[in-house]
Every structure is written in structure tokens, then in C-alpha cells.
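The values are calculated or read from the model by the stated rules, or taken from the named source; none is laboratory data. Being a predicted model, the structure only gives us computed values, none of them experimental. As a convention, Cβ positions derive from the backbone with ideal geometry for all residues, glycine included, and neighbour counts pool all protein chains shown.
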Amino acid sequence: MELTAEIKDCINRSVLCWLATVSSENVPNVSPKEVFSYFGEDKLIVANIASPQTVRNISHNPNVCVSFIDILVQKGFQLKGRAKIIKQTDGAFPEMEKVLQQITKGKFPFATVTEITVEHQKPIIAPTYLLFPDTTEASQIESAKKAYGI
């Protein structure tokens, strides 16, 4: 499923994403990821910096869910798909590494990348927009800045 310009823009504005996986014992795990980007038209890539549980879980079950939001606007997306671990020896690794190193500036080493082929996507929106129809993105940004002391 192709990632829209809106989704790519939100990825660029999001500080963290949350990657959900499931262990071989069917125990869910949600892990924050700081270094992630889109790759091509239908893929999300995530640097595996300190992710042994995520990597282990994906080896047993490639079905994953990723959520991210722009914390000021309080809108984002949930993406579901199938993940695979890309190693340094894989042909696609150097190109993925180049994209992710633009984010890390070389400060976070990683030996593998999680590549997620997106199969489903849906928007995430703060309940305020639904409960108070007059809510605007500008008012949400102002409220978030006050809440976060920005």
C-alpha cells in the first residue's frame, strides 16, 4: 500500500514511533523507536539500535503495527504490515543505512534495519477534534505548547 504524501510528511515531523510485535509465546511488546523513515513507496524502515526483543519477535512473527503522531498537532497514523530484518550483508542495507544515518548523524550505530511493507493504514486523531468540532490544528498546537512548556 503506497504511503501518501501526508503520511510521509507526518513521519518527518514525528519524533518517535511505537513498534508493536508479538513474541513466539504470543506476548505483545511495544517499543519506542527514535530513528525511522519511509523508504520507497510502501515501506517504513527503522534502525535497530537497542532492539533485541523486537528483532527476536519479528523472526517468529513478521506481523507488526507502527504508530506515530505529530505531538503538537496531535494527529498521526497507524500502519500495519509485515516486517523483515535487513542485515548489513543484504543488498538493500547500504541504501537504507544512508537514509537512517541522515537522522542519526552517525551517533547511533546499528547493525540491522527493520523493513516494514505497509499493508494497512489509518489516521490517528486526538479525541479533542471529535468531541469539540471547533478544534483547529492551530488551537491544538497552542494547547500542546502550553502542556509541554514549549
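Being out of contact with any helix residue (DSSP H, G or I) (no Cβ under 8 Å at 6 or more places or on another chain) and under 15 Å from I116 (Cα atoms) narrows it down to one residue among A20, A47, A83, A5; which is it?
On the way: A47 fails: out of contact with any helix residue (DSSP H, G or I) (no Cβ under 8 Å at 6 or more places or on another chain); A83 fails: out of contact with any helix residue (DSSP H, G or I) (no Cβ under 8 Å at 6 or more places or on another chain); A5 fails: under 15 Å from I116 (Cα atoms).
Matching residue, one of A20, A47, A83, A5: A20.
Within segment 132-150, which residues are exposed (fewer than 13 other Cβ atoms within 10 Å of the Cβ) and not in a helix (DSSP H, G or I)?
F132, P133, D134, T136, G149, I150
Filter segment 1-46 for residues that are under 27 Å from H60 (Cβ atoms) and polar (S, T, N, Q); which is nearest to the chain's Cα centre (by Cα)?
Only one residue fits best here, namely S37.
Looking only at residues that are modelled with pLDDT under 95 and farther than 17 Å from N12 by Cβ in segment 93-125, which one is surrounded by the most Cβ atoms within 10 Å (Cβ to Cβ)?
By that ranking, first place goes to F110.
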